[in-house]
Amino acid sequence: MKLIKHHLNPILKPNPQNDWESLCVLNPGVYYEERDKLFYMLYRAAGHDKTHFIHLGLAISRDGAHFERVYDFPVLSPDVNGADGGCVEDPRIVKFGDTYYITYASRTYPPGQYWLPNHKSFGNRPEFGPFFAKHNNTVTHLAMTKDFFSFKKLGRITDSRIDDRDVILFPEKINGKFVRLSRPMEYVGEQYGCEVPSIWISFSDDLMEWDNVQLLMTKEEWWEDKKIGGSTPPIKTDVGWFHLYHGVSTKDNAYRVGAVLLNLNDPTKIIARTKDFLMEPEYDYETQGYYNGCVFPTANCVVNDTLYVYYGAADKYVCLATCKFSELLDYLITKCRVE
């Protein structure tokens, strides 16, 4: 079973007309709004500045493949005098009621052009200052919006002492609790039960403070033996919570994509998990960029039994892959059940 890459890929490319998105666009959050039959995309973007400030732009589509930029300016940017002053990146979108909630990775200072071997860091720790400034760690923030234009930033929802990203909310409460996935880089070792950075699950009463953190899944196959992390917001189905995740291999440092089904009433329990990957880097737009050999999903939508998977390619482009959702679920249930 494989995801089928769209013939129009890349479906969104850098725009040289706008400085803030002239270098790269990637890792989008996408939400299909049934009310108006539109796909709303918040895409990560950056220009050629050496500081590498990272913003979010907005694009919309009627068919899920042809996207048009809505504005020539970003809709969400770093607050240079605030806690997310370096970047807002890798958004994941869910909806509660009439409000969209966006988790996004952030740094206090801009990361610089990280793909260069001698890139400059802009996050030097002051003589007396907060710990997270030492390494300009990634933390995750939460924002909300009703219209994808005006946003309320709610603040940090991960521990600033660790590098914690790929934070993804479930789209509804389970047993009265909000649920999220995350990938804390420092939770590695015998005391944590995993040898590499892995996917953790935790719970909250208010979306801001999270506890009861548990290891959900760690490496199993060769293509995920360096680290794994959550990719797309879970989708509720009759057979479980469907979730796409990414794995990185020590063999080639490439990012590949797998899937799991989690128990509807207890998402700490895995029902099924792919042994083989569903997607890997193949084409030039995935193997030649700022991270060579990367397919990194950050959004999925189901419309008329088609699963739309949106991913960043080589840290440079936005791409799309699809499949029949019912076939993928059947594959998971019949071929990938966890004993």
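The values are calculated or read from the model by the stated rules, or taken from the named source; none is laboratory data. The shown structure was predicted, so the numbers you read here are calculated from the model rather than taken from an experiment. Cβ placement follows ideal geometry from the backbone for every residue including glycine, while neighbour counts extend to all protein chains displayed.
Points worth noting:
- Against the conditions (1) farther than 30 Å from H119 by Cβ; (2) outside any strand (DSSP E or B); (3) in contact with a strand residue (DSSP E or B) (Cβ under 9 Å, 6 or more places away or on another chain), E209 satisfies every one except (3).
- One residue from G57, G97, G64, G29 being crowded, with 20+ Cβ neighbours inside 10 Å, on the phi > 0 side of the Ramachandran plot, at pLDDT 95 or above and of a type outside the set (A, V, I, L, M, F, W, C): G64
- Residues of the stretch 39-54 satisfying the condition of being small (G, A, S) and either touching a Gly at 6+ places or on another chain (Cβ under 8 Å) or buried (at least 21 other Cβ atoms within 10 Å of the Cβ) (or both): A45, A46
- Of all residues assigned to the stretch 275-286, at least one qualifies as being closer than 24 Å to R44 by Cβ, of a type in the set (D, E) and free of Cβ contacts under 8 Å to residues at least 12 places away in the same chain.
- Tally, over the stretch 194-206, of residues that are in contact with a Phe, Trp or Tyr (Cβ under 9 Å, 6 or more places away or on another chain), more than 21 Å from N27 (Cα to Cα) and not in a strand (DSSP E or B): 2
- Exactly one residue out of A46, A59 is within 19 Å of the chain's Cα centre (by Cα), small (G, A, S) and more than 22 Å from T287 (Cβ to Cβ): that is A59.
- Of all residues assigned to the stretch 10-21, none qualifies as being among the basic types (K, R), more than 20 Å from the chain's Cα centre (by Cα) and outside any strand (DSSP E or B).
- Considering the stretch 295-316, the residues that are hydroxyl-bearing (S, T, Y) and surrounded by fewer than 24 Cβ atoms within 10 Å (Cβ to Cβ) include one that is farthest from H243 (Cα to Cα), namely T306.
- Sub-6 Å Cβ pairs linking a first residue in the stretch 90-109 that is among the basic types (K, R) to a second residue that is not in a strand (DSSP E or B), at least 6 apart or interchain, are R92/P233; R107/G86; R107/N136; R107/T138, ordered by first then second residue.
- The stretch 229-244 - residue that is assigned to a strand (DSSP E or B) and within 15 Å of T268 (Cβ to Cβ) and, of those, nearest to the chain's Cα centre (by Cα): G230
- Answer from P110, P117, P126 - the residue that is crowded, with 18+ Cβ neighbours inside 10 Å and either over 25 Å from R180 (Cα atoms) or modelled with pLDDT under 85 (or both): P110
- Of the numbered criteria (1) farther than 22 Å from G129 by Cβ; (2) buried (at least 22 other Cβ atoms within 10 Å of the Cβ), the one K177 fails is (2).
- Those residues of the stretch 225-246 which are free of Cβ contacts under 8 Å to residues at least 40 places away in the same chain and either over 20 Å from V196 (Cα atoms) or surrounded by 24 or more Cβ atoms within 10 Å (Cβ to Cβ) (or both), in sequence order: D238, G240
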